[in-house]
1. So how many residues does the range 44-80 have that are open to solvent by less than 40 Å² (accessible area, probe 1.4 Å) and acidic (Asp, Glu)?
2. Determine, yes or no, whether Ile141 is touching a residue at least 24 places away in the same chain (Cβ under 8 Å) and touching a helix residue (DSSP H, G or I) at 6+ places or on another chain (Cβ under 9 Å).
3. Would you tally the residues in the range 129-148 being open to solvent by less than 10 Å² (accessible area, probe 1.4 Å) and either over 14 Å from Leu75 (Cα atoms) or basic (Lys, Arg) (or both)?
4. Would a scan of the range 85-96 turn up a residue that is in contact with a strand residue (DSSP E or B) (Cβ under 9 Å, 6 or more places away or on another chain), modelled with pLDDT under 90, among the aromatic types (Phe, Trp, Tyr) and farther than 19 Å from Thr31 by Cβ?
5. Residues of the range 181-219 being out of contact with any Lys or Arg (no Cβ under 6 Å at 6 or more places or on another chain), of a type in the set (S, T, N, Q) and in a strand (DSSP E or B), which ones?
6. Quick check on the range 205-218: of everything there that is open to solvent by 30 Å² or more (accessible area, probe 1.4 Å) and under 18 Å from the mean Cα position of the chain (by Cα), which residue is nearest to Gln138 (Cα to Cα)?
7. Conditions: (1) at pLDDT below 95; (2) of a type in the set (Lys, Arg); (3) within 17 Å of the chain's Cα centre (by Cα). Lys183 meets all but one. Number of the miss?
8. So which residues in the range 227-253 are touching a residue at least 24 places away in the same chain (Cβ under 8 Å) and among the hydrophobic types (A, V, I, L, M, F, W, C), if there are any at all?
Amino acid sequence: DWVQRWSKSGWNGDVLAELRQKRGRFGSQLTTRWLVGLFKADDEPVRMSHDQLSIAGVSGFHLRGNITLGALANLTTQIAPSYIFDESVVQALGGNPDDGIKTGNLLSPGYLELGLGFRYLNPNPMVGLIVAPLMLKQTIIMDEDIRELDEALPSGLYGNEGKTVRSELGAHLKLVFQAPLMKNVTASGQGTLFAEYADPDVDAIGLLNIDGKVNEHLSASINTTFVFNSDVDTDLAKQGKQEKLQIREVLGIKLVYAFSL
């Protein structure tokens, strides 16, 4: 077991870009973030361990104080295809264990959210809260193979039942924060909740980052991701739908370079 642990290697990247614009009482913000990870074990080929692209846009009218009324849009998906290689699952689905079964791709799934609501933003310490009582969430599966798998599985895969787009109307809540813990150490994160009006289940995504600055361009970080979605089967090896909290943790070194246009 000791030898196996040290024969594995991985690489993780975090790409973040933000654009802001303000004219009078109108303001807009666009944030793009790509979390990507590669993993290699023993003689196996290099595989993706993490791939998440998120694009969030907010545009609104400043009412008073720290409160803005406006529209928001969020898109969450992945860039590259992802596969499951669990031998028992692949054989049960009639696949080849060496090739795996494709369970994800670009916009497969993709989660698109469009809504109207209020944003509260406090600059110091930075705390942001978005409350959107009217939010349209669409689950998109563009890849035909994944749509067929979603329809064929008894408990489904993403809940689309073979459809390209599944729409839900509900409420959206998002909390963002950034605060210093000690000298050169900062905690930041965000949590998102979506509740469909026709379904009591709540979808949740949480990100928690702790960054320690080493010098101007180098820092160490601990990143934790929490995901819960009742429409996603988290363990295809077990009968019935498994609705579990998914947790991912990464410890890494980051090279940081910031510039303004």
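The values are calculated or read from the model by the stated rules, or taken from the named source; none is laboratory data. Just so you know, these numbers come straight off a predicted model, no measurement behind them. Glycine gets a Cβ as well: all are built from the backbone with ideal geometry, and neighbour counts include every protein chain shown. Note: areas computed on protein heavy atoms with side chains; ligands, DNA, RNA excluded. Shrake-Rupley method; radii C 1.70, N 1.55, O 1.52, S 1.80 Å.
1. 1
2. In short, yes.
3. Applying the first criterion (open to solvent by less than 10 Å² (accessible area, probe 1.4 Å)) to the range 129-148 yields 132, 135, 139, 141, 146.
The next check asks that each one be either over 14 Å from Leu75 (Cα atoms) or basic (Lys, Arg) (or both); those that pass are 132, 146.
Final tally of qualifying residues: 2.
4. yes
5. Selection gives Thr186, Ser188, Gln190, Asn209.
6. Ile205
7. Here Lys183 clears every test but (3).
8. Phe228, Val232, Leu236, Ala237, Val250, Leu251, Ile253
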